[in-house]
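Below is one structure, written out as structure tokens; the observations come after it.
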Amino acid sequence: GLPAALPALPLELTVLYNSLLFTVGASDSAIKGDAEGIRQGLLRVLEACGACGQDLGTEELWEKVLQEVTVEELQAPLHRLGALQAAWWLAASQLGSVAGLFQLLSTAEDLGRAHCSEGQNELLSLIKAWQVPPEGASLPLVQSAKDLKEVLCTASAFLQGLQELEAGNFPTALSLLQEAAGGFCSKNILAQIYTCLGCCAQRMGKPQTALQHLKRALQVDFQCLPALSHVAAVYHDLGETDAELQALTLLYEALGKSPPAAASSSPCFLMRAELLVHTPVLTSLLRRRHPSEVKYLLAQRCLQDGRVADAVEHYLDFLSLLQEGLQQQVPLDGSSALPRIPEVFLEAASALEQAGRHQDAITVCEEVISRTTDLIPRALRVEERLEQPESLLPGAEPAGGLLSQKKESLCCLAWRAAGYLHQGWAWAKLGESKEAVTQFSRCLSDLLRVQLHGSGIKQTGNLQPEVEVLQKIRLLSLLGRGTQFLELGRNKEALLDFQHSLQISPGDPAAASYLVQALWKLNRKQEAAAQWQKFSQSCPAEDGQQQGQGRPLPLYLVSCLEQAVFPHSEALARSIQDYLGAAAQDTRG
């Protein structure tokens with residue numbers, strides 16, 4: 001409450017500088033908001049000089065003080081306070097304000113040095129060119145202005161590097177992040193910088209360079225587990241599955257250990273770079289995965305790579321984690337690697353099937369079927385391509401809500417139908433053809449709930465993703481039931497299923513081959529031979545065309561697709577060629 005006095009202001013401003021640093025250091029959390037104490041200190045300076053600036057914004061206030069206050073004893077305290085203000089603005093990503101402030105703090109000679117550094121970052125050049133004021137022996141500082149300048153350089157390079165990385169300007173981002181890595185910072189922030197360098201190099205298509213940076217991050221701070229997560233992602237992109245699985249295993253083990261102690265902050269400063277850099281892109285790059293996410297990734301990668309035994313072990317471990325309230329622990333904001341839980345169950349069933357554990361696969365699928373039964377309407381009318389939303393009746397909910405509800409119903413229907421599909425194939429593997437036919441029929445009956453409104457049931461382009469999955473399940477179920485009809489000697493029923501399959505997916509190699517086999521078994525050998533000749537000429541081209549179209553199949557359907565492949569191609573081809581050869585001889589005779 002005392003009036004401002006010039007002789008006391010150097011001490012007053014130094015006390016303000018130290019107290020603000022103590023406040024920042026004590027909170028040990030990212031700086032947010034405005035530094036009101038700095039504003040009040042500047043107003044005290046103006047008051048002592050017989051001026052006022054209550055109506056000015058913070059930037060205008062700094063400009064007025066630095067241009068009008070020429071008292072020599074106040075220059076050093078004001079410069080230190082200015083550096084502190086720059087820290088607050090950096091934390092708020094107000095880079096233009098920081099640059100403007102350092103232009104005011106710098107002399108003409110300083111600015112000349114900054115402009116001479118052609119090709120360098122303007123803000124970094126301004127901060128580096130700023131001459132740190134000398135410290136008075138009688139006024140001790142809790143953090144020197146020189147150290148604060150180093151922190152500002154590191155933080156500004158790191159922050160701008162992240163901004164360029166987010167904008168896709170990777171070479172510029174790489175340069176700025178490398179500048180930050182050479183700056184004054186703790187091991188914790190240095191590991192974060194190297195992690196960001198690794199991510200930048202990965203996006204530039206330089207995986208080996210990315211691995212070098214990420215390994216450096218782990219060498220600097222072995223608790224920087226996001227770096228290990230990115231290492232696994234790089235190996236995945238390189239197709240090095242062994243290395244990827246090793247990285248994921250190490251990550252899972254590390255996450256399962258007790259929480260790490262507080263990150264090292266040496267060299268110990270009250271104002272540190274990690275308190276100034278807190279952007280969404282950094283949060284995203286450094287997101288710490290939940291152990292269950294890593295366990296799922298291990299299971300998924302093993303299944304994709306054909307490591308069935310390992311996949312089964314990981315999937316069963318993951319399913320046991322569901323009993324521990326997994327859904328309450330994993331973020332559901334789209335950042336998680338986890339798919340929807342029914343899909344994980346179906347993937348687990350697929351792994352169990354491939355491992356020969358057919359009864360276990362049937363049990364897992366039954367869980368999916370029972371959980372989704374009450375979520376599926378009796379009938380579901382959907383647009384095949386949904387180019388425009390359906391018109392709504394008066395009083396109906398908005399189109400977006402209706403479409404979202406339909407999409408969810410389609411997903412539930414696909415999961416339940418896939419459960420029946422897997423059960424059908426599992427019973428078939430157990431030699432129980434009648435039970436397999438029952439499950440395939442249930443799958444097909446479920447799919448009749450969907451009334452497609454569009455260009456018919458043929459798979460052409462631009463289908464809704466959910467509709468495309470349903471069509472593929474229908475195709476695989478018809479093929480599965482048809483094969484079991486053949487096993488049971490019900491060849492006419494098998495023929496109908498294979499004909500229907502070809503209506504859904506014209507030119508499908510498996511459907512075409514099974515159709516020929518059914519005709520052959522019905523002793524309609526001339527038709528079989530004609531169809532075989534037709535498909536042998538058209539299938540390779542059409543199959544290649546189909547491979548390039550559509551979306552990737554859900555992982556839980558891949559094993560069903562493999563089981564539907566016709567296994568007797570060579571034998572059937574020989575039989576038909578022999579028949580055609582004999583027919584030709586009879587014609588000549």
Legend entry - Filter result for the condition that a residue is among the hydrophobic types (A, V, I, L, M, F, W, C) and farther than 30 Å from Ala83 by Cβ, over Ala155, Ala145, Ala227: Ala227
Inset, instruction - Please name all residue pairs, on different chains or six or more residues apart, with Cβ atoms under 6 Å, provided the first residue is in the range 205-233 and is at pLDDT 95 or above and the second residue is open to solvent by 20 Å² or more (accessible area, probe 1.4 Å) and among the polar types (S, T, N, Q). - result: Ala210/Gln202
Inset, instruction - Run Glu164 past the list (1) open to solvent by less than 30 Å² (accessible area, probe 1.4 Å); (2) under 15 Å from Val277 (Cβ atoms); (3) out of contact with any His (no Cβ under 8 Å at 6 or more places or on another chain) and report the number of the one that doesn't hold. - result: (1)
Inset, instruction - Considering only the range 283-301, state which residues are of a type in the set (Lys, Arg) and within 12 Å of His230 (Cα to Cα). - result: Arg287, Arg288, Arg289
Legend entry - Selected residue (only one of Leu9, Leu20, Leu61 is free of Cβ contacts under 8 Å to residues at least 60 places away in the same chain and either assigned to a helix (DSSP H, G or I) or closer than 21 Å to Leu275 by Cα (or both)): Leu61
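Condition check ((1) modelled with pLDDT of 85 or more; (2) touching a helix residue (DSSP H, G or I) at 6+ places or on another chain (Cβ under 9 Å); (3) open to solvent by 10 Å² or more (accessible area, probe 1.4 Å)) across all residues:
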| position | (1), (2), (3) |
| --- | --- |
| Ala83 | yes, yes, no |
| Ala99 | yes, yes, yes |
| His115 | no, yes, yes |
| Gly119 | no, no, yes |
| Pro134 | no, yes, yes |
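Each row is one residue, and each column tells you yes or no for (1) surrounded by 21 or more Cβ atoms within 10 Å (Cβ to Cβ); (2) part of a helix (DSSP H, G or I).
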{"site": "Glu493", "(1), (2)": "no, yes"}
{"site": "Gly507", "(1), (2)": "no, no"}
{"site": "Tyr514", "(1), (2)": "yes, yes"}
{"site": "Ala518", "(1), (2)": "yes, yes"}
{"site": "Glu527", "(1), (2)": "no, yes"}
{"site": "Trp532", "(1), (2)": "yes, yes"}
{"site": "Ser536", "(1), (2)": "no, yes"}
Legend entry - Residue that is modelled with the highest pLDDT [pool: residues in the range 334-392 that are hydroxyl-bearing (Ser, Thr, Tyr) and under 30 Å from Ser284 (Cβ atoms)]: Ser336
Legend entry - Selection within the range 416-438 - assigned to a helix (DSSP H, G or I) and open to solvent by 10 Å² or more (accessible area, probe 1.4 Å): Arg416, Tyr420, Trp425, Trp427, Ala428, Lys429, Ser433, Lys434, Glu435, Val437, Thr438
Legend entry - Flag if Glu366 is assigned to a helix (DSSP H, G or I) and free of Cβ contacts under 8 Å to residues at least 60 places away in the same chain: yes
Inset, instruction - State yes or no: is Gly161 under 20 Å from Leu9 (Cβ atoms), at pLDDT 90 or above, under 41 Å from the mean Cα position of the chain (by Cα) and not aliphatic (A, V, I, L, M)? - result: no
Inset, instruction - Within the range 495-505, track down each residue that is open to solvent by less than 50 Å² (accessible area, probe 1.4 Å) and of a type in the set (A, V, I, L, M, F, W, C). - result: Leu495, Phe498, Leu502, Ile504
Inset, instruction - Kindly list the number of the only condition in (1) in a loop (DSSP other than H, G, I, E, B); (2) touching a helix residue (DSSP H, G or I) at 6+ places or on another chain (Cβ under 7 Å) that fails for Thr70. - result: (2)
Inset, instruction - Keeping to the range 559-571, report how many residues are under 30 Å from Ala418 (Cβ atoms) and modelled with pLDDT of 85 or more. - result: 9
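The values are calculated or read from the model by the stated rules, or taken from the named source; none is laboratory data. It should be emphasised that the depicted structure is a prediction, and the values quoted were computed from it without experimental measurement. Glycine gets a Cβ as well: all are built from the backbone with ideal geometry, and neighbour counts include every protein chain shown. To get the accessible areas, we keep the full protein, side chains included, count just its heavy atoms, and leave off ligands, DNA and RNA. Shrake-Rupley method; radii C 1.70, N 1.55, O 1.52, S 1.80 Å.
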